[in-house]
Amino acid sequence: FSRSILRRGVRFVSFDAAAQPRIRIGSQAPNFKAPTTTGDIDFHQYLGNSWGVLFSHPADFTPVCTTELGAFAQLKPEFDARNVKLIGLSAESVKSHKEWVADIEEVALGGKKFTFPIIGDESKEVAYKYDMVDEEGFKNLQAGQQIFTIRSVFVIDPKKTVRLILTYPASCGRNTSEVLRVVDALQKADSKGVATGVNWVEGDDVIIPPSVSNEAAKEKFGSFNEVKPYLRFTKA
C-alpha cells in the first residue's frame, strides 16, 4: 500500500485508485493474515487443499447481511460435502462480529451454533486487496470517512485461483443456493472437462466444449446429442 493513516487507533489503508489491485477470474487469490471470530488465520493456510468461498458484508448488525450469514450457515453441511470452506468478512472488529453472531444464531439458526469464521477487517486491507469497495467508498476513504464494503463473493479453487466473482449492491441480498450451484458447476467442469448450460444443476446434461471433436467426444463420453455442430449435450 502506498501509505496508511491512523484514525482513532485503527490503521486504515489509504486507497489509491490508480494502484488498486485488480482481481479477475484466473487471478491468484491474494493472501493475508487477519483476526477472525475463530482465531487468527493465514488465508491460504486456512483454505489448505479445499475450495473456498470468501464473501463480504457492508457492516455488522445489518438486516440483509444477517439473513445471508444465517443462510450460508444453514448450507454449510452442503459446502462441507463439496470440500468448500466458507469465510465471511465485515470491516468491523472481531468483538463486534461475535456479538453479531449471537443475533444470527438466534434469528436465523434457531439457536444452533454458527461455525465458520468472519474476518475482522477494521484496517480495510483485505477489502482493498480484493477490491471490495464501490466508487462512493473510494471517495469516502480518501476523505478519511467511514466506508462500507460491498457484497462481494469469490469462489477460489485449491490452487488459490479465483474462479468466479459475484458483486451485489448493499440493498440486494445474495442467493446462497446460486453460490452452491456455481461451485457444483465449476467442480463438474474441472472433473469432466465439460461446460454447463443455463440454470444447470447436478443431474442435468452437460455441454461438450467445441474444442473436442465428435470422435474424441464419442470416445470420452459415449453417446451425445448434437443440436448444432457447436452445441452438443451429454451425460456426465
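The values are calculated or read from the model by the stated rules, or taken from the named source; none is laboratory data. The shown structure was predicted, so the numbers you read here are calculated from the model rather than taken from an experiment. Methodologically, a virtual Cβ is constructed for each residue, glycine included, from the backbone with ideal geometry; neighbour enumeration extends over all protein chains shown. Accessible surface areas use protein heavy atoms only, side chains included; no ligands, DNA or RNA. Shrake-Rupley method; radii C 1.70, N 1.55, O 1.52, S 1.80 Å.
Quick one: accessible area per residue over the chain, 1.4 Å probe, rounded to a whole number of Å²?
Using a 1.4 Å probe on heavy atoms only, each residue of the chain averages 50 Å².
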(message) If I fit a long axis through the Cα atoms of helix 176-192 and take the longest principal axis of the Cα atoms of the chain, what angle between them do I get, 0 to 90°, rounded to 10?
(response) 50
(request) Go through the stretch 20-33 residue by residue and turn each phi into a ³J(HN,Hα) via Karplus (6.51, -1.76, 1.60, θ = phi - 60°); whole Hz please, and just put x for glycine and proline. (result) 4, x, 10, 9, 10, 4, x, 5, 6, 5, x, 8, 7, 10
(message) Charges on Cβ only, +1 for Lys and Arg, -1 for Asp and Glu, centred on the Cα centroid of the chain; of 27, 126, 53, which one is farthest towards the dipole's positive end?
(response) 27
(request) Provide the FRET efficiency to the nearest 0.05 for the residue 211-residue 50 pair, computing r from the beta carbons and using R0 = 35 Å. (result) 0.75
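Rounded to the nearest 500 deg cm²/dmol, what is the calculated helix-only ellipticity per residue at 222 nm for the chain, with -39500 (n - 2.57) per DSSP H run of length n ≥ 4?
Values: 7 runs with 76 residues, N = 236.
Taking each H run of at least 4 residues, the total per residue is -9500 deg cm²/dmol.
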(message) At 1.4 Å probe size, with the rest of the protein present, what percent of the exposed accessible area of the chain is carbon and sulfur atoms?
(response) 51
(message) Please give the charge dipole size of the chain, origin at the Cα centre, charges +1 on K and R Cβ atoms and -1 on D and E Cβ atoms. Round to the nearest 20 debye.
(response) 500
(message) Calculate log10 I(q)/I(0) of the stretch 101-236 for q = 0.09, 0.13, 0.19, 0.20 Å⁻¹, where I(q) comes from the Debye formula with a single equal point scatterer on each Cα and nothing for solvent.
(response) -0.46, -0.79, -1.15, -1.21
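Of 98/159; 33/85; 85/220; 85/160; 113/188; 192/220, which pairs sit farther than 20 Å apart, going by alpha carbon to alpha carbon? Don't jump to the answer; show the numbers that get you there.
Numbers: 98/159 30 Å; 33/85 16 Å; 85/220 32 Å; 85/160 12 Å; 113/188 31 Å; 192/220 9 Å.
Over 20 Å apart, Cα to Cα: 98/159; 85/220; 113/188.
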(request) For the stretch 37-52, take each phi angle, set θ = phi - 60°, evaluate the Karplus expression 6.51 cos²θ - 1.76 cosθ + 1.60, and give the result in whole Hz per residue in order, putting x for glycine and proline. (result) 5, 10, x, 5, 9, 9, 4, 5, 5, 4, 5, x, 9, 9, 6, x
(request) Within the stretch 180-234, report the GluC sites (Glu not before Pro) that DSSP leaves as loop and that have at most 14 other Cβ atoms within 10 Å. (result) 202
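Counting other C-beta atoms within 10 Å, and keeping those with at most 12, which DSSP coil chymotrypsin sites (Phe, Trp or Tyr not before Pro) do you find in the stretch 147-231? Walk me through the numbers before you get to the answer.
Values: sites: 148, 154, 200, 221, 224, 230; in loops: 148, 200, 224, 230.
Qualifying residues, ordered by number: 230.
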(message) Taking the 0 to 90 degree range and rounding to the nearest ten, how far is the long axis of helix 94-107 tilted relative to the main principal axis of the chain, both from C-alpha atoms?
(response) 60
(message) Report the Rg/Rh value for the chain, based on alpha-carbon coordinates and the Kirkwood definition of Rh.
(response) 1.04
